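The values are calculated or read from the model by the stated rules, or taken from the named source; none is laboratory data. These numbers come from a predicted model, not from an experiment. We place every Cβ from the backbone using ideal geometry, glycine too, and count neighbours over all the protein chains shown. Side chains are part of the model used for accessible areas, which takes the heavy atoms of the whole protein and leaves out ligands, DNA and RNA. Shrake-Rupley method; radii C 1.70, N 1.55, O 1.52, S 1.80 Å.
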Amino acid sequence: MVTQGLWGCDSMQLRLPHFTKDLGRKCEENSWTSIEAIFDLLEMEDVARRELLNMPNCLVLKIDDKH
């Protein structure tokens, strides 16, 4: 069994694969839209999400639920 815990002050995006605290902070502070929950990130347009995350496509696909 695997469990994952977060502190109350940590970004919810840290539950996603390959996310760091810096990337979570970048998502919360971006100028396009406020990303507070994982679903906010998943509902973004693909191009905007890839630009924001600045990750290789193979890592973005692990986050993106459409693939």
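Please list, ordered by chain and number, the residues whose modelled amide H lies under 5 Å from the amide H of ILE35; skip anything fewer than 5 residues away on the same chain.
The list, which skips near neighbours in sequence, is ASN30.
Which whole-number percent of Cα pairs in the chain have a distance greater than 14 Å?
56
Write down the accessible area per residue of the chain in Å², having rolled a 1.4 Å probe over the full set of protein chains.
Accessible area per residue, the chain: 73 Å².
Per the 1.4 Å probe, what fraction of the accessible area of the chain, in percent, lies on carbon and sulfur atoms?
53
Mind ordering 11-18, 36-43 by average Cβ neighbours within 10 Å, highest first?
Details: 11-18: 15.9, 36-43: 14.1.
Highest-to-lowest ranking by the protection proxy: 11-18, 36-43.
Calculate the FRET efficiency for ASP10 and GLU51 from the Cβ-Cβ distance with a Förster distance of 22 Å, rounded to the nearest 0.05.
0.40
What is the chain's relative contact order, in percent, from Cα pairs under 8 angstrom and six or more apart in sequence?
Dividing the mean separation by the residue count of the chain yields 27 percent.
What distance in nm lies between label points placed 7 Å from Cα along the C-beta direction at ARG25 and PHE39?
So the two model labels end up 2.8 nm from each other.
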